[in-house]
Amino acid sequence: MNKPLTPPTLAPLGPETQLMCERPGTFSGGHRMCAGCPTGIFTKMLTRVSDEYEIVAGNATGCLEVASSIFPYSSWQIPWIHTAFENASAMMSGVEACYKSLVRQGKMTKKLKFVVMGGDGGTYDIGLQSLSGAMERGHDLTYICYDNGAYMNTGVQRSSATPMGAATTTTPVGSESYGRKGNRKDLTKIMLAHNVGYVAQASIHDIPDLFRKMKKAIDFNGPSFINLLSPCIPGWKIGADMAVESARLGVDCNFWPLFEVEEGKFTINYRPAKVFPVSDWVFSQGRFKHLKKHPEVVQAFQAQMDKQWAWLEMEEARTA
Amino acid sequence: MKHVAGKPKILPITGAGAMAQAMRQINPDVVAAFPITPSTQIVEDFSQFVADGKVDTEFVTVESEHSAMSACIGASAAGGRVMTATSSAGMAYMWELLYVAASMRQPVLMSLVNRALTGPINIHCDHSDSMGARDSGWLQIYSENNQEAYDNLVMAARIAEHDDVRLPIMICQDGFIISHSIQTMQIEDDAAVKAFVGAHKPYHPILDTKNPVTWGALDLQDYYIEHKRGQEQGMKNALRVIEEVSVDFAKKFGRKYNLFETYRIEDAEIVMVAIGSAAGEIKEVIDELRTKGEKVGLLKIRSFRPFPYAQIAKALSHAQIITVLDRSASFGAHGPLFVEITTSVYNYCDNRPLLLSHTYGLGGRELSMQMIEHVFAESRICLDKGEVNGRQGMWLNVRGD
């Protein structure tokens, strides 16, 4: 399980990525994230995307929130706010509304941008309503969902983002159960249905692609959304050194295509040179190991991934 | 700030309309609200002020009350003066965030139009919404009529935002009875209200990127209780601040308020205690009974949170029987007002007056003058017998009782 699964496929560093390395970071060490958790990868990029504005950030309740802000300590070197699990988008709507009001009244002149972060539980499920409201109202904010496919903070319970067949503590394997039944929710499509100007899927393993997308999303004037594949070491039952590899294989098997949609126009950002079978990804993780006895589930999973890729190709051609 | 007061306007206006007028005059940086009967007119009227450019407010038309309170907390942490309005199930939906607003010491201003909580669904007045939230850490000020509701909202920011308080505040008025009834009342001059309310002072605003702060950190067993103790201190300080602001309000606008109001109480043997619009009718019944020689009076609650135990006990120290009218029920227990009055009298009075509890008016059931007379008569019987047995905990005007 711990040996590298695929050869590296990273693009060479572009000038923006060079800049990323030079600008000061956002997020200090000393937080209580699990060993090997990749969440800190994107949080560190927040202040590095531009010199033209400053970032005000907020979080839904979740791993990132509890691990980064245990009073009296905080890893956040930028203004940061958390209030509850299901309301991060509404909370940040209020922050952004206040900024707009103060700018209009001439009480503030500096340029600020607003970023909300939440896991799949706080975004796909309990936070979906407030996310939908904020996106529909058109606040100038970026929502970054770090999707690890379950409620990891409370101990790996299934969410609507949990992939088919995964064992979680509320979809355990048993004589009558092979884990999570049915297909996961496609939140990226739901965001597209809000006519959000910039929507993207990214993965924590492809840093240049992720950085470019974060910059685009935050630069965008209006609501924008990034769905970010972010493996969970204990939840996926993988080694502490395997987060990046697991994310890479998730992309290479088309479980998590990297694409972006700008004002309705689809672009597939990465086409795997060789598409791996989804079983390679599935059987590299402990949460799926019982599927060896359920080849029909792996088959259904594969069929769903093929359908998803075909839809994406079709949309890209349609909007070309 | 020096200001020459303009002329106030005498207007026929509903309680909800009056709240919208106060909001326009306060001119908050952000309003986030969701429509719910019977508070809807507040939001509608205010939307028109936004549409007509009469306020600087950014109005966030949220998709739920949960998001309304979330946006209010965000905007307040951003450094703005923030307002909202709601009722009943709307405030129940905010529940989780009511506690968050209080614990983050964000002085959000809420205009609450009291309405029964659903189960069964009902849109009319009782106090079960705000009474249920009495432990949430919000200041709660109640109003008898349109004028009081307006005056209380004008005073709200100065109380909630005071450095020694820093707590959210709800200004409560009775649904329909006040919110939808037109009364002729005084709307003060815009500039005079603006001068009275004063400028908002942001407190560690999250928009200050030079001094970045973390708001809403995880607070575990090593610090949580100190922060809760701080909230309690803010509440304690609020007793003094409410009095100070009320005194200043009386100086500026002439109408006097205190933590509670007493009516013909000095020599009263029987004192009724009530909240909200019922006080108007009770006063009228008292006047009538006084002509017949009955020594009766009223104590009307204005500040329920913080609850002025010692002050109320002093005012009630001569009463022989205290009859408390609760417009909400705590099933399996006495009503919340009765419990507070009992606490007050037991701890701070030398004498031991009889205490009689009545529940009335749930879901908008009317409280007639005859019923109030009946309660006074019941109280007299108890007083003559020297006990309340058999009459304790009655529900008024209920079929089958």
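The values are calculated or read from the model by the stated rules, or taken from the named source; none is laboratory data. Note that the structure is predicted; figures quoted are calculated from it, not measured. Glycine also receives a Cβ, built like all others from the backbone with ideal geometry; neighbour counts cover every protein chain displayed.
General observations
- The sole residue among B:HIS358, B:HIS374 that is surrounded by fewer than 20 Cβ atoms within 10 Å (Cβ to Cβ) and not assigned by TED's automatic domain parsing to the domain that holds B:VAL165 is B:HIS374.
- Residues of the stretch B:71-108 that turn out to be in contact (Cβ under 8 Å) with a residue 60 or more places away in the chain and either surrounded by fewer than 24 Cβ atoms within 10 Å (Cβ to Cβ) or assigned to a loop (DSSP other than H, G, I, E, B) (or both), as a count: 13
- The test for being in a loop (DSSP other than H, G, I, E, B), on the phi > 0 side of the Ramachandran plot and away from chain A (no Cβ under 14 Å) holds for B:GLY119.
- Residues that are hydrophobic (A, V, I, L, M, F, W, C) and either assigned to a loop (DSSP other than H, G, I, E, B) or at pLDDT 90 or above (or both) within the stretch A:1-26 comprise A:MET1, A:LEU5, A:LEU10, A:ALA11, A:LEU13, listed in sequence order.
- Hits in the stretch B:245-264 - residues which are assigned to a helix (DSSP H, G or I) and either closer than 22 Å to B:GLU281 by Cβ or among the charged types (D, E, K, R) (or both): B:ASP248, B:LYS251, B:LYS252
- Flag if A:SER159 is in contact with a strand residue (DSSP E or B) (Cβ under 9 Å, 6 or more places away or on another chain) and within 30 Å of A:ASP51 (Cα to Cα): no
- Considering the stretch B:158-189, the residues that are β-branched (Val, Ile, Thr) and farther than 30 Å from A:LEU102 by Cβ include one that is surrounded by the fewest Cβ atoms within 10 Å (Cβ to Cβ), namely B:THR184.
- Meets criteria (more than 7 Å from chain B (Cβ to nearest Cβ), among the small types (Gly, Ala, Ser), assigned to a strand (DSSP E or B) and under 19 Å from the mean Cα position of the chain (by Cα)) for A:GLY118: yes
- All conditions in (1) touching a Leu at 6+ places or on another chain (Cβ under 9 Å); (2) facing chain B (nearest Cβ under 8 Å) hold for A:TYR124, with the sole exception of (2).
- Top-ranked residue of the stretch A:55-113 - restricted to ones that are at the interface with chain B (Cβ under 7 Å from one of its Cβ atoms) and hydroxyl-bearing (Ser, Thr, Tyr), ranked as nearest to B:SER64 (Cα to Cα): A:SER93
- Members of the stretch A:128-155 found to be hydroxyl-bearing (Ser, Thr, Tyr) and either modelled with pLDDT under 95 or in contact with a strand residue (DSSP E or B) (Cβ under 7 Å, 6 or more places away or on another chain) (or both), listed by number: A:THR142, A:TYR143, A:TYR146, A:TYR151
- With respect to being at pLDDT 95 or above and away from chain A (no Cβ under 14 Å), B:ALA217 falls outside the description.
- Residue-level check: of (1) in contact (Cβ under 8 Å) with a residue 60 or more places away in the chain; (2) of a type outside the set (Phe, Trp, Tyr); (3) touching a Cys at 6+ places or on another chain (Cβ under 8 Å); (4) more than 19 Å from B:GLN173 (Cβ to Cβ), B:LEU356 misses just (1).
- Selection within the stretch B:334-360 - farther than 15 Å from B:ALA310 by Cα, of a type outside the set (A, V, I, L, M, F, W, C) and in contact with a Ser or Thr (Cβ under 9 Å, 6 or more places away or on another chain): B:HIS334, B:GLY335, B:PRO336, B:PRO353, B:SER357, B:HIS358, B:THR359
- Residue in the stretch B:346-359 that is in contact with an Asp or Glu (Cβ under 9 Å, 6 or more places away or on another chain), aliphatic (A, V, I, L, M) and at pLDDT 95 or above present: yes
- Criterion (assigned to a loop (DSSP other than H, G, I, E, B), over 26 Å from B:ALA116 (Cα atoms) and of a type outside the set (Lys, Arg)) met by exactly one of B:ASN397, B:ASN389, B:ASN347: B:ASN389
- B:VAL31 vs. criteria in a strand (DSSP E or B) and surrounded by 20 or more Cβ atoms within 10 Å (Cβ to Cβ): yes
- Residue list for the stretch B:308-335, filter: among the hydroxyl-bearing types (Ser, Thr, Tyr) and under 17 Å from the mean Cα position of the chain (by Cα): B:TYR309, B:SER328
- Among all residues of the stretch A:135-143, there is at least one that is facing chain B (nearest Cβ under 10 Å) and farther than 23 Å from B:ASP208 by Cα.
- Within the stretch A:51-71, residues that are within 27 Å of A:THR154 (Cα to Cα) reach partners that are of a type in the set (Lys, Arg) and not in a helix (DSSP H, G or I) with beta carbons closer than 9 Å, at six or more positions or on different chains, in the pairs A:VAL56/A:LYS113; A:VAL66/A:ARG32; A:ALA67/A:ARG32; A:SER68/A:ARG32; A:ILE70/A:ARG32.
- From the options B:ILE225, B:ILE178, residue that is among the β-branched types (Val, Ile, Thr), in a loop (DSSP other than H, G, I, E, B), assigned by TED's automatic domain parsing to the domain that holds B:PRO107 and at pLDDT 95 or above: B:ILE178
- Residues that are in contact (Cβ under 8 Å) with a residue 60 or more places away in the chain, surrounded by fewer than 24 Cβ atoms within 10 Å (Cβ to Cβ) and either assigned to a loop (DSSP other than H, G, I, E, B) or of a type in the set (Ser, Thr, Tyr) (or both), drawn from the stretch A:126-145: A:SER132, A:GLY138, A:ASP140
- Of all residues in the stretch B:289-308 being part of a helix (DSSP H, G or I) and without any contact (Cβ under 8 Å) to a residue 40 or more places away in the chain, the one that is farthest from B:VAL375 (Cα to Cα): B:THR291
- Restricting the stretch B:48-100 to residues that are among the acidic types (Asp, Glu) and more than 22 Å from A:VAL103 (Cβ to Cβ), the residue that is farthest from the other protein chains (Cβ to nearest Cβ): B:GLU65
- Residue in the stretch A:100-113 that is farther than 30 Å from B:PRO202 by Cβ, modelled with pLDDT of 95 or more and outside any loop (DSSP other than H, G, I, E, B) present: no
- Of all the residues in the stretch A:79-98, those that are farther than 11 Å from A:GLY118 by Cα and in a helix (DSSP H, G or I) number 9.
- Pick from the stretch B:120-179, criterion of a type in the set (A, V, I, L, M) and over 25 Å from B:ARG240 (Cα atoms), ranking: nearest to the chain's Cα centre (by Cα): B:ILE178
- Checked against the criterion of being in contact with a Pro (Cβ under 9 Å, 6 or more places away or on another chain), buried (at least 20 other Cβ atoms within 10 Å of the Cβ) and more than 22 Å from B:ASP126 (Cα to Cα), the candidates B:ALA268, B:ALA192, B:ALA238 yield just one match: B:ALA238.
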